[in-house]
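The values are calculated or read from the model by the stated rules, or taken from the named source; none is laboratory data. Computed from a predicted structure; not experimentally measured. So basically every Cβ, Gly included, is an ideal-geometry build from the backbone, and we count neighbours across all protein chains shown.
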Amino acid sequence: MEARIIDLPKILDRRGNLSIIEEENHIPFKIKRTYWIYDVPGGEKRGGHAYRENQEFIVALSGSFDVLLDDGKEQNIFHLNRSYYGLYVPKGFWRKMENFSTNSLALILSSTPFNADDYIYDYEQFKKVFNG
């Protein structure tokens, strides 16, 4: 499965806009864990790992940041800066998040509960696991 941007419903209203996410409707998995990243100091990066099984959906609720995805063969950069779309990241992608703007807020929805054994922190091991 490929990483991709998924547009979310956007309900426009003069009082303020609204977007929603429904599991297995707008994203292709059941949500087992939700977390957010905020107050990232200038120049810092997050991520630097891959998952054996976990899938993620990443939304910039506020501000902007870049998500760098690497499948072991090619790299792609996704710039997230709107709350009405997100990035679907299937298992098998090395990911880094960087270039966080001031007061940015990244929402991450995960398909699995936290499991330390699901993480791959070594890039060479990642390439062996997913590219043979």
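Which of the residues spanning the stretch 104-124 are of a type in the set (S, T, N, Q) and either crowded, with 18+ Cβ neighbours inside 10 Å or under 17 Å from Ile58 (Cβ atoms) (or both)?
The answer is Ser104, Ser110, Ser111, Thr112.
Asn25 versus (1) exposed (fewer than 11 other Cβ atoms within 10 Å of the Cβ); (2) of a type in the set (S, T, N, Q); (3) in contact with a helix residue (DSSP H, G or I) (Cβ under 9 Å, 6 or more places away or on another chain): which is the lone unmet condition?
Of (1) exposed (fewer than 11 other Cβ atoms within 10 Å of the Cβ); (2) of a type in the set (S, T, N, Q); (3) in contact with a helix residue (DSSP H, G or I) (Cβ under 9 Å, 6 or more places away or on another chain), only one is false for Asn25: (3).
Anything in the stretch 1-49 that is among the acidic types (Asp, Glu), more than 26 Å from Asp122 (Cα to Cα) and modelled with pLDDT under 95? List them, or say none.
Hits for the stretch 1-49 are Glu22, Glu23, Glu24.
So which residues in the stretch 25-77 are among the basic types (Lys, Arg), under 21 Å from Ser101 (Cα atoms) and under 13 Å from the mean Cα position of the chain (by Cα)?
Residue satisfying the conditions is Arg46 alone.
Collect the residues in the stretch 11-22 that are closer than 27 Å to Asn99 by Cα and exposed (fewer than 14 other Cβ atoms within 10 Å of the Cβ), keeping them in residue-number order.
Asn17, Leu18, Ile20
Do you know which residues across the stretch 103-127 are over 11 Å from Arg52 (Cβ atoms), in a loop (DSSP other than H, G, I, E, B) and either touching a residue at least 40 places away in the same chain (Cβ under 8 Å) or of a type in the set (A, V, I, L, M, F, W, C) (or both)?
Asn103, Ser104, Ser111, Pro113, Phe114, Tyr121
Please go through the stretch 1-27 and pick out each residue that is more than 16 Å from Ser110 (Cβ to Cβ) and touching a Lys or Arg at 6+ places or on another chain (Cβ under 7 Å).
Asn17, Ser19
Can you tell which of Leu87, Leu68 is in a strand (DSSP E or B), touching a strand residue (DSSP E or B) at 6+ places or on another chain (Cβ under 8 Å) and either among the aromatic types (Phe, Trp, Tyr) or in contact (Cβ under 8 Å) with a residue 40 or more places away in the chain (or both)?
Result of the check over Leu87, Leu68: Leu87.
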